[in-house]
Amino acid sequence: MRKQFKTQLLCLVFFISALGFAQEKKTSKYDIPANYTKQEVDIAMRDGVKLHTTIYSPKDKSQEYPIIMMRTPYSSKPYGKDNFPESAYRMAGNKQLVKQGNIFVKQDVRGRWMSEGDFDNMRPYIPNKTGDQTDEASDTYDAIEWLINNVENNNGKVGIWGISYPGFYSTYALLSDHPALKAVSPQASISDFFFDDFHHNGAYLLSYFMATSLFGKQNPPTTEPNYHFPDIPSKDQYSFFLENTPIKKLDKYYPDNFFWDQLKNHPNYDEFWQSRSILPHLKDIKPAVMYVGGLFDAEDLYGPFQSYKKIEESSDNFNIITYGPWSHGQWVSTKKRQALGNVFFGDSISINFQRDVVTPFFNHFLKDKKKFDLPEARMYDTGERKWDSYADWPPKNASPKRYYLGKHNKFSESAKPNHKEKFVSDIENPVPYSEDIKVVFTPRKYMTDDQRFAARRPDVLTYTTPVLKKDLKMAGEINADLQVATTGTDADWIVKVVDVYPADAKDYEETQKYLKMSNYHMMVRSEVMPGRFRNSFSDPEAMKANKKTEIEFTLQGINHTFKKGHKMQIQIQSTWFPFINLNPQTFVPNIFKADESDYKTQTHTIYGDSYIEFKQLN
């Protein structure tokens, strides 16, 4: 089991650090040792802490080059002056940028791998630093200052990029205010840990339990990992986590992990989490910014959307956004076929994105290359299978369209407050989030998984359109306004948007052997809202038993055409296991400390004045 998770971790780090999905064959064009020199330095920050930094510079000195930098908690490997990355993708996530010549820099952030200092998850930003106070913005400033003054042949311009946690450090770099920083591309960027990665609207993602090990250990400078994955005695995550409910039974797997302690001691959106959100500080941004995300990113769908939106509202800089048909970090893939799980989306999507979007962005702002025609919002239509360009995101010409949850599992054109549908939420038989039997490091493919298994359960309510007679295009955020009741005092409320394929849909080569694309129920978007947070994420409240209550929340944006001949479906449920932790359905101050007696089966009600509101383009 431990060996299995070490393999999964290696894959995760390659995604997150944008080191690629597959090794590229070495050729004369991309042979790193033949074309680049390597330098390893320890750069002193203003408080004296030294950060390990690796620099790859073109051997060709006939011109000056910009610096493209990544700051990462996932290691700037390979260490050692004679050790080079095995491919252009593992050095820069983009062979075009390597081929054309740039100075590439990777830095271990404070307290990680070969850097000194203490590590702090999502280290809070200090707006008015004095003396030797430091945060990730000051560390970025100090690193850039050293680089432009000490790295030969640089042109005085710096770009920063990164995926996932390195994406967070990329966003953080925008607050450094260094004049040499000209272009930043945060990709799958975390923005707030209460809504990204380990939580969705405050609901804890139990499916990230294994990943907790990465972020809860301080380490002295080291070239070897100092964390250990829990050695769980099962390959069936559903059974394992159900047997370890209540969640406090899992404490034994992390006896000395400070991140696990932070998660369980801060169940609400208190000062601890609020201080770590980068969003309130994204004001008066000067560098050019390009946010990148995956429309099927299970980890960091929220961050790029919200960070882009915040900068649009408060800055006058160049700020654009791109979302493709990708899972977490999939846009650095070298594969020709772009698929996620059972669903194929097209050929060469990632490779073309690297060539036609990322490379022109950095070339324009770091090398003054004039050819540049990227739109404000470049969004892949995950139903139509094509790219769309928008002047605004969300598109201003998209109109709100409400679908009320009506009788007989159908939508209604108007609210029917007296109509109600009930279902029993059995605490001992929660709704799975996937049919797959496995233990995952972090979930990915479930974002497009077939939802027929859920639609056929009595504890999942479904609402389906008739077969569509014309294409139905949705672009933008989805708002859920549920009118509900429960016999308990708390519950999670889950909304899933599903594209139901026609009976004659053909299988893809990626389709799992036990499935058929005929009548496939592809999940397009989903989200959870704990009832206790319906009024405030900081001050949770019990629901009143059997009282009609409004639960309102936002599902992140989509760009999807429900094709003629398909159906659109909404699924409503209250368990989603073990993607999210099991809600006791009895209000407790802290679910991480709930007792077994708190977990109770309850009956939930959905009223006919509940609706799902889309942004519709036709």
If N is the residue count of the stretch 545-596, its Cα Rg over 2.2 N^0.38 Å rounds to 1.69
Out of ILE68, GLY216, ALA415 - ranked by how far each Cα lies towards the positive end of the dipole of the chain, with unit charges on the beta-carbon of charged residues - the top one is ALA415
Here, GluC sites (Glu not before Pro) of the stretch 93-162 satisfying both criteria (DSSP loop; at most 15 other Cβ within 10 Å) are GLU152
The summed charge of the THR134 Cβ neighbourhood (under 11 Å; Lys/Arg +1, Asp/Glu -1) stands at -4
With Cα coordinates, the longest principal axis of the chain makes an angle with the long axis of helix 2-16, in degrees rounded to 10, of 70
Computed over all unlike Cα pairs, the Kirkwood hydrodynamic radius of the stretch 399-616 in Å stands at 18.0
Relative contact order in percent for the stretch 399-616 (Cα pairs under 8 Å, 6+ apart) equals 40
With a ≥ b ≥ c from the Cα gyration tensor eigenvalues, square-rooted, and the rule rounded for a/c under 1.5, otherwise prolate when a/b > b/c and oblate otherwise, the stretch 272-360 is oblate
Spelling it out for HIS199: with amide H atoms placed in the peptide plane at 1.01 Å from N, the residues 5 or more places away or on another chain with amide H under 5 Å from its amide H are LEU205
So, relative contact order of the chain in percent, Cα under 8 Å, 6 or more apart, is 15
Percent antiparallel among DSSP beta bridges confined to the chain, rounded to 5, stands at 75
Taking 0.36 nm per residue of separation between ARG452 and ASP261 and subtracting their Cα-Cα distance, the length gained on full extension comes to 65.0 nm
Given 260-273, 189-202, the highest-first ranking by average Cβ count within 10 Å works out to 189-202, 260-273
Reduced to Cα centres, the span from the stretch 518-542 to the stretch 546-616 in Å works out to 4
Other residues with Cβ under 13 Å from the Cβ of SER307 give, with Lys and Arg +1 and Asp and Glu -1, a net charge of -2
Across 10 Å bins beginning at 0, the whole-percent shares of Cα-Cα pair distances in the chain come to 3, 17, 27, 27, 18, 7, 2, 0
Computed over the chain: longest principal axis from alpha-carbon atoms vs helix 302-314 long axis, angle to nearest 10 degrees, is 70
Mean separation of Cα contacts under 8 Å (at least 6 apart) over the residue count of the stretch 454-526, i.e. the relative contact order in percent, is 26
Treating only Lys and Arg (+1) and Asp and Glu (-1) as charged, each at its beta carbon, one finds that the chain has a dipole about its Cα centre, in Debye to the nearest 20, of 1980
Reduced to Cα centres, the span from the stretch 235-296 to the stretch 81-103 in Å works out to 32
The rounded separation in angstrom of the Cα centers of the stretch 183-211 and the stretch 319-362 is 21
Eigenvalues of the alpha-carbon gyration tensor of the stretch 57-156, times 5 and square-rooted, give semi-axes in Å, largest first, of 27, 17, 11
Here the FRET efficiency for ASP177 versus LYS422, based on Cβ atoms and R0 = 60 Å and rounded to 0.05, is 0.60
Scoring only Lys, Arg, Asp and Glu (+1, +1, -1, -1) among other residues with Cβ under 9 Å from the Cβ of ILE551 yields -2
Dividing the helical contributions, -39500 (n - 2.57) per DSSP H run of n ≥ 4, by the residues of the chain yields a 222 nm value, nearest 500 deg cm²/dmol, of -4500 deg cm²/dmol
Descending packing, highest mean Cβ count within 10 Å first, for 560-566, 238-244, 486-492 is 486-492, 560-566, 238-244
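Every number in this text was worked out from the coordinates using simple rules, so none of it is lab data. Here the structure is a predicted model, which means the values were calculated and not measured. So basically every Cβ, Gly included, is an ideal-geometry build from the backbone, and we count neighbours across all protein chains shown.
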